[in-house]
Amino acid sequence: SPARTTLAPRESAARRKGKARRGRGKARSEGLLSKQKRNRRMKANDRERNRMHHLNSALDALRSVLPTFPDDAKLTKIETLRFAHNYIWALTQSLRLA
């Protein structure tokens, strides 16, 4: 084919054998790759854990300012968001009527 004839002889042979490397740097060993993957996964898990801690803290702060009875069970995340939405809407309506 025309594309095959335009390649340099070494590139053509490397591609046919499947040994053409892509990207930069040296080839990495399997052990190093798996260690890097584990490390990336651990970092991603830490970021997700921190994100969820921050989200839960924000929801706890929101629950603390919503008017609920103290004997009520803790609201779920979606209940907290819906309650806050409805509470803000009710306050807005009372301000419009006042």
Which of the residues that make up the stretch 75-98 are assigned to a helix (DSSP H, G or I) and open to solvent by 100 Å² or more (accessible area, probe 1.4 Å)?
Arg82, His85, Ile88, Trp89, Leu95, Arg96, Leu97
What are the pairs with Cβ atoms under 6 angstrom where one residue, in the stretch 36-61, is at pLDDT 95 or above and the other, located anywhere, is open to solvent by less than 100 Å² (accessible area, probe 1.4 Å)? Sequence gap at least six, or different chains.
Leu59/Lys77; Leu59/Thr80
Which condition number does Asp72 fail, the rest of (1) modelled with pLDDT under 95; (2) within 30 Å of Ala90 (Cα to Cα); (3) part of a helix (DSSP H, G or I) being met?
(3)
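The values are calculated or read from the model by the stated rules, or taken from the named source; none is laboratory data. Just so it is clear, the model here is predicted, and its values are computed rather than measured. Backbone-built Cβ (ideal geometry, glycine too); neighbour counts: all protein chains shown. Note: accessible area is taken over every heavy atom of the protein model, side chains too, but ligands, DNA and RNA are not part of it. Shrake-Rupley method; radii C 1.70, N 1.55, O 1.52, S 1.80 Å.
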